[in-house]
1. Which residue, of I188, I171, is closer than 30 Å to Q15 by Cα and outside any strand (DSSP E or B)?
2. Filter the range 115-131 for residues that are out of contact with any Cys (no Cβ under 8 Å at 6 or more places or on another chain), touching a residue at least 12 places away in the same chain (Cβ under 8 Å) and either within 16 Å of L141 (Cβ to Cβ) or within 9 Å of the ligand (Cβ to nearest atom) (or both) and give the result.
3. G99 passes all but one of (1) part of a loop (DSSP other than H, G, I, E, B); (2) away from the ligand (no atom under 16 Å from the Cβ); which number fails?
4. Please state which of the following conditions N27 fails to meet, knowing it meets all the rest: (1) among the polar types (S, T, N, Q); (2) under 18 Å from C180 (Cβ atoms); (3) surrounded by fewer than 19 Cβ atoms within 10 Å (Cβ to Cβ).
5. E164 passes all but one of (1) over 21 Å from A75 (Cβ atoms); (2) in a loop (DSSP other than H, G, I, E, B); which number fails?
6. Looking only at residues in the range 132-155 that are part of a strand (DSSP E or B) and within 16 Å of the ligand (Cβ to nearest atom), which one is farthest from R77 (Cα to Cα)?
7. Residues of the range 105-114 being more than 10 Å from the ligand (Cβ to nearest atom) and surrounded by fewer than 13 Cβ atoms within 10 Å (Cβ to Cβ), which ones?
8. If I filter the range 157-171 down to residues being surrounded by fewer than 16 Cβ atoms within 10 Å (Cβ to Cβ) and in contact (Cβ under 8 Å) with a residue 40 or more places away in the chain, which single residue comes out as farthest from R22 (Cα to Cα)?
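Throughout, read-outs are computed from the coordinates displayed, never taken from laboratory work. Predicted, not measured: the structure shown is a model, and the values here were computed from it. A quick note on method: Cβ atoms are made from the backbone with ideal geometry, for glycine too, and the neighbour counts reach across all protein chains shown.
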Amino acid sequence: MNMTESPRSKQKMRQLLKEHFRYHTGNSWNRATSYARNIKVRKLGLDRETELKCYDMLDIPESFDEFSAILHDFAIRHDYAWQIGQNGRSGGYLVLYQGGKKDSGHKTCCTDCFIPTWYETRQPCHVEGCSGTLELLRGPLWQPFTYPGRGTDDDCDYESWSHEDLRRRLILVKDFDRTCDLAVESFIHFAKSHKITEEEVMVPKTVKVAVAI
Ligand SMILES: [Zn+2]
């Protein structure tokens, strides 16, 4: 974005941030909110046929594979300090969350099954059937976390913000918007290019039977 440092551009940036749609980060009684997007199917402005296809796909987990990957890419781009999560009844909103990474505390990792463990020393793997050895990790394993109750720029008028602060926040919010667009588009594309069929699956079941001895 190429914004000159004029009072007018500051005013424009403040306005864009202020007018951005917001939603709760936690429950509605927790008053924290953040930048958000309504992704309810009926709010997407689709024709009736596409809308019906989207409703059909809501129950199919794999229709969200690409959608989730796009949201995860956003978190990676921002090193998990910013993440996009779903909130609201039936997940009808995408919300910008704050988060981070912390040391998972794992000490060792198996040379064979690569499962990280909290065991300190070099010793045989504890996973049944694995003959690997636990070796000390070379560095910490990072684990992402989210602050579900933390809002971003709640009740904020941005008046005291510098040009640079505003510019950076706007870059983040625009990335959020673009990522939401991409995620929603990928879901719609999936819905349009797939149809639902019913398949019978065999479910293995253990039953008790009496055998004569
Ligand atoms: Zn192992």
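1. Only one candidate qualifies: I171.
2. W118, Y119, E120
3. G99 satisfies all of (1) part of a loop (DSSP other than H, G, I, E, B); (2) away from the ligand (no atom under 16 Å from the Cβ) except (1).
4. All conditions pass for N27, except number (2).
5. Failed condition: (2).
6. My answer is T133.
7. Within the range 105-114, G105 is the sole residue that qualifies.
8. Initially, the range 157-171 is screened for residues surrounded by fewer than 16 Cβ atoms within 10 Å (Cβ to Cβ), giving 157, 159-160, 162-165, 168, 171.
Checking the rest, the ones that are also in contact (Cβ under 8 Å) with a residue 40 or more places away in the chain come to 157, 159, 163, 171.
Details: D157: 14, E159: 19, H163: 22, I171: 17 Å.
Ranking the qualifying residues of the range 157-171, first place goes to H163.
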